[in-house]
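The values are calculated or read from the model by the stated rules, or taken from the named source; none is laboratory data. Because the structure is predicted, anything quoted here is derived from the model rather than measured. Neighbour counts run over all protein chains shown; Cβ positions are idealised from the backbone, glycine included. Quick note on the areas: whole protein, heavy atoms, side chains included, nothing else; ligands and nucleic acids left out. Shrake-Rupley method; radii C 1.70, N 1.55, O 1.52, S 1.80 Å.
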Amino acid sequence: MNETTLKGILENEIDNAIGYLETETTESRRKAIQYYNGEEYGNEVDGRSRIVTREVAEAVDGAMPALMRVFTASSEVVVFEPRGPGDEQKAKQATEYCNWVFMNQNPGISILHTWIKDALLSKVGTVKVYWKDETEVSTESYKNLSQDELALLLSDGQYEIVSQEEIQIGEVPAPAPAFMPQQAVAAAEQAQTPEMVPVYAYNVKVKKIDKKGRVVVENVPPEEFIVSKKTIELKDTPFCAHRRLVTRSELVAMGFDKDEVDALPTYEDLTYSPERVARYSNGEQPDDPSLDPSMQEVECFEAYIRVDYDEDGIAELRRVFYAGQNVFENEEIDYLPFASICPIPLPHKFFGQSMADRTMDLQLIKSTLTRQILDNMYLTNNARVVAVDGQVNLDDLLTVTPGGVVRVKNAAAIQQLPVQAVAGQSFPMLEYMDNIQAKRTGVNDASQGLDPNILQNTTAAAIAAMQNAAGSKMELISRIFAETGIKDLFKNILHLLCKYQDKQRVIRLRGQFVAIDPREWDNEYDITVNVGLGTGNRQEQMAMLGMVLQKQEQVLQQYGPANPLVSVGQYRATLGRFIEAAGFKDSSVFFREITPEIDQALSSPQPQQQQADPMAQAVMAQTQAQIQAMMAKAEADIQVKREKAMADIALAQEKAAADIQLKRQELAAQTSIDATAAGIRAVRG
């Protein structure tokens, strides 16, 4: 396939994808951002309430803590499972290293937060993962180096001499040649002054060039990711692209020809897209292009397209870097660098629904109701009046001053227009809208914390049932995120490490420095995403692990380490989990790690005449005592928290009862005042 044909196919896919994005998502995303920011709707009337409620922000921000907690509560976001026998240790090392790359080498918490928030607000959140080669250049100076020291410094190839100064510091006798004729030896012995040679020292300035690479994970703004309308799952897409603005300087630094880059036109379509304008509505984004041509931005497409470029009848995935009708790069690639998540997917569609889609209509309704309630209260507190012309001093009437005097010629010259209070009838409607929002999103008071009102005449089991029901939607969203985007992201991280990391790297894992070499791994491990669902809270985990420890101890004590049920290594693993559940990240501080070789040796049958090692028994007894002490402390902590929770519940009940009694008194007083006012009006009438 020639380049002209490829450009035609690529331009057609880009036009179709941009059209699909604009018709499917652009307007709803722009609207969602405006609703989230609490901007006005455009139907406001001067002199009336302009309040905007924030249901979209409440739904999105209310779901964020639960979803973030799911993926960050554990030190391991994902776990790689071995495919075959003997892969257990490699799979464990791959698990630890890939999690370290995401959380330590990249800002994992920030990436997850932006990724999830994009999905909740803009239908789909997307991240991009790729390998980035980096070159660090540093300059160092050395003084008074000998010739041997200088040669040793330059021997590893990382240093390049920038400047060099040679200084003579003395002379030494010239060394005798290895092979010298006898006449020359005799002449040298008869000479009184031996031949001298100069000795030099070197002052050098060197440049150190350190070439290394790393896996980069970054968020992609929703408006910059375009995808074919035929896409259902991203891994099977026929076309997708990262549409972004890149400066000419960056393009030249990427290795592209400067003359071709300078000839590229400057586009402003992406700069003024509705989503970007809504996001930067407060003016954070500069509007005018830079006066420096090298810093001017051009629109580029990093496209991934399935096309039969070699014309063998099978379409392969290719990466094409395209800008201004120029193809700068065209290469076959073996992975798709994008991973996407959608909170409410729709069957057979790539773009589903977001939390904002489920709450924007409710925000408009509640804003309208709240505005009407406030307008009604304004009119009730400052009602309009009817004044007889010529019987009232209008200046006095228009001057609203507490204790002011209004001069009239007739007491009946002023009459207030009655305003019916509607706030009492509107509050049930607002509560109804809140219930609808909770059902649509799963975000309510029960899912975020205990509301004192729900404790009235409610058992603890009923409260737990309400919390579980409220969290079911969050659990479903978490499962969807885990099985789609999170899994794809870590598969790509593992693939890039195995493909591009060409040397060993030493990092600190679990308190120890470990040498990592991904070239020894298999990049096709199964992935289990540790979303932390179904494992209970920390107290429940510790109670369950404590029960498992007791059973393991019983088996080990009764049948010994060579039993068919529990090995010493499994017992150590349970101890580690117990300590980690208690909040300690590194269990090796308390107990040593047991290697597979030691575990195998301990689990092998021992001769019957061999007695148990007293030291081992002492260690086992000490370990059991530590476990019992930790379990006792955990039970005491649980009891203290339980008593505190009961006290809080009792206090909340008393407060709620007092509030109800106070509201009853206020209602009775208001009813008495209204009755008195009605009687006065009746007398006047």
Please compare each pair in Lys7/Lys235; Lys117/Lys230; Lys128/Lys439; Lys123/Lys491; Lys235/Lys503; Lys90/Lys487 to a cut-off of 28 Å on the Cα-Cα distance and tell me which ones are over it.
Lys128/Lys439; Lys235/Lys503
Separation between the Asp87 and His348 pseudo-spin-labels, each 7 Å from Cα along Cα→Cβ, expressed in nm?
3.6
Round to a whole number: what % of the accessible area of the range 36-103 belongs to carbon and sulfur, probe 1.4 Å?
47
If you split all Cα-Cα distances of the range 296-448 into 5 Å bins from zero, what percentages do you get per bin, shortest first?
2, 7, 9, 8, 8, 7, 7, 6, 6, 7, 6, 5, 5, 4, 4, 3, 3, 2, 1, 0, 0
Hey, could you pull the Cα Rg and Dmax for the range 1-156, both in Å?
26.5, 88
Ranked highest first by the average count of other Cβ atoms within 10 Å around their residues, in what order do 229-237, 647-655, 13-21, 476-484 fall?
476-484, 13-21, 229-237, 647-655
Could you work out the relative contact order of the range 2-134, using alpha carbon pairs under 8 angstrom and six or more residues apart, expressed as a whole percent?
20
Figure the gain on full extension for Tyr267 and Tyr559 (residue separation times 0.36 nm, minus the Cα-Cα span) and round it to one decimal in nm.
97.5 nm
Distance in nm between label sites at Leu509 and Val216, each 7 Å beyond Cα in the beta-carbon direction?
2.5
